[in-house]
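Only one structure is covered here, and it is reproduced in the block below.
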Amino acid sequence: MAQYRKDPESLDAPTLMRGRPAYSIESSDQESVRAYIREANREGVHITLETIQVFLRSKSPDQIYHISTLARTLDRWGFEFGKGIRTQHLKEKDNIISARQRYLRKMRGNRNSDNQPLRPEVYLDESYVNKNHSHDLVWHSVEDGPWIQKPTGKGERLIILNAITMDGWVPNAKIVFKSTRKTGDYHGQMDGKLFSKWFTEALLPNIPSQSIIVMDNASYHNILTEDSAPTPTCSKERIRDWLDQNKIPCAEDCLKVELVEILRKIAPEPTYEVDVIAKKEGHKVLRTPPYHPELQPIEKCWAVVKNEVARHCDFSLENLRIQLDAAFEKVTANTCKKIIKNIRDVEDKFWQEDADFEEKQENFSL
């Protein structure tokens, strides 16, 4: 009432957002943000945090991200302010471009002249779904309002592991279990031991021989073997022990950053447990570049599954299990073929655009 007395028109003003701004941006926005930045770079358009903030608001008007949150997220997704053709602009970090090129080169090396795979390709991933996962919009009478009253919160969740090929879901590879946590995403429920057991006992026996297994860079996918060279993320003690074992001299008072600098110069590529397991069975493991969900076709399959679950949600865990099984039936071999074909088009687009960007930079520097 006090606000109304000051300004009677304040009743028509939009409600101000209260509380702290969102701490993170949905990972589902990675693909669209990367495409937006790359298109701006291709056309030579100056792009800043503010322009990306406007772009995200146009996609989701209800989501307002603080500029600092956006900056941290873009840095984590592999972007930086760099020197463009004419000025400073947002661009991908060199290590992200290098990782993408290495991955694409290997994938393209597995294609014949008709763009068909020489070795079978298997795409694996993990996801989760909450028991209250449902569509926000429903048809209802204007006078009566919506009959469906959605519970607050997302509720209990199920963690899912599965894999696809051109022929659909890998037989007998699906496992579903209840999460013991209500916050965070599925990564907090997974560990190297659980993943290795599923990989060995459920996945490998059910995929074609000589397969290429594609996965992302989740930490539990990258458990080092005991004799592997350490990585920069390893503890200072492990890095020093490895350097000592290989008779690499370093001062006793060296900081970890100094040890990592030495490690980067001399250490061979690390070896991972699942890679060794796969190799023994005649398979090969490839990892998608960091923060590139658009290169994983199984991500599209999760979207189909979750959309189907949302259509039949009754906000109970028992029904969620039933509907989840039915939702998996919606992803057929034909679905997977179409999705994988589209992903190959995305790969080709990345490959060509990266080459074009480099040529532009080279021509300008001349």
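The values are calculated or read from the model by the stated rules, or taken from the named source; none is laboratory data. Model, not experiment: these values are computed from the prediction. Quick reminder, even Gly has a Cβ in these numbers, built from the backbone with ideal geometry, and neighbours come from all protein chains shown.
Worth a mention:
- Residues that are in a loop (DSSP other than H, G, I, E, B) and over 21 Å from ALA333 (Cα atoms) within segment 282-303 comprise GLY282, HIS283, THR288, PRO289, PRO290, TYR291, HIS292, listed in sequence order.
- Test: residue in segment 11-25 that is of a type in the set (Ser, Thr, Tyr), closer than 29 Å to GLU299 by Cα and at pLDDT 90 or above: no
- GLU294 being closer than 15 Å to TRP169 by Cβ, touching a residue at least 12 places away in the same chain (Cβ under 8 Å) and charged (D, E, K, R): no
- Single residue of segment 186-210 satisfying the filter (in contact with a helix residue (DSSP H, G or I) (Cβ under 9 Å, 6 or more places away or on another chain) and assigned to a loop (DSSP other than H, G, I, E, B)) that is modelled with the highest pLDDT: ASP191
- Residue count for segment 211-241 satisfying the condition of being in contact with a helix residue (DSSP H, G or I) (Cβ under 8 Å, 6 or more places away or on another chain) and over 24 Å from GLU126 (Cβ atoms): 6.
- Exclusive hit being of a type in the set (D, E, K, R), assigned to a helix (DSSP H, G or I) and under 17 Å from the mean Cα position of the chain (by Cα), set LYS279, LYS306: LYS306
- Residue in segment 265-286 that is small (Gly, Ala, Ser) and touching a Phe, Trp or Tyr at 6+ places or on another chain (Cβ under 9 Å) present: yes
- Positions within segment 122-176 being at pLDDT below 90 and of a type in the set (A, V, I, L, M, F, W, C), in sequence order: LEU137, VAL138, TRP139, VAL142, TRP147, ILE148
- Test: residue in segment 167-185 that is assigned by TED's automatic domain parsing to the domain that holds LEU320 and in a helix (DSSP H, G or I): no
- Screening the candidates LYS247, LYS337, LYS284, LYS279 for the property of being modelled with pLDDT of 95 or more and loosely packed, with under 13 Cβ neighbours inside 10 Å yields one hit, LYS279.
- Residue pairs meeting the criteria (Cβ under 6 Å; at least 6 apart or on separate chains; first in the same structural domain as GLU26 (by TED's automatic domain parsing), in segment 50-79; second in a loop (DSSP other than H, G, I, E, B) and not hydrophobic (A, V, I, L, M, F, W, C)): HIS66/PRO21; TRP77/TYR291; GLY78/LYS93; GLY78/TYR291
- Which listed residue, of GLU318, GLU353, GLU347, is acidic (Asp, Glu), in contact (Cβ under 8 Å) with a residue 60 or more places away in the chain and surrounded by fewer than 16 Cβ atoms within 10 Å (Cβ to Cβ): GLU353
- Test for CYS301: is it surrounded by 14 or more Cβ atoms within 10 Å (Cβ to Cβ), at pLDDT 95 or above and not β-branched (Val, Ile, Thr): yes
- ASP7 assigned by TED's automatic domain parsing to the domain that holds HIS66, more than 30 Å from LYS306 (Cβ to Cβ) and at pLDDT 70 or above: yes
- Of the residues making up segment 221-244, none is among the small types (Gly, Ala, Ser), touching a residue at least 24 places away in the same chain (Cβ under 8 Å), in the same structural domain as ASP167 (by TED's automatic domain parsing) and under 27 Å from LEU204 (Cβ atoms).
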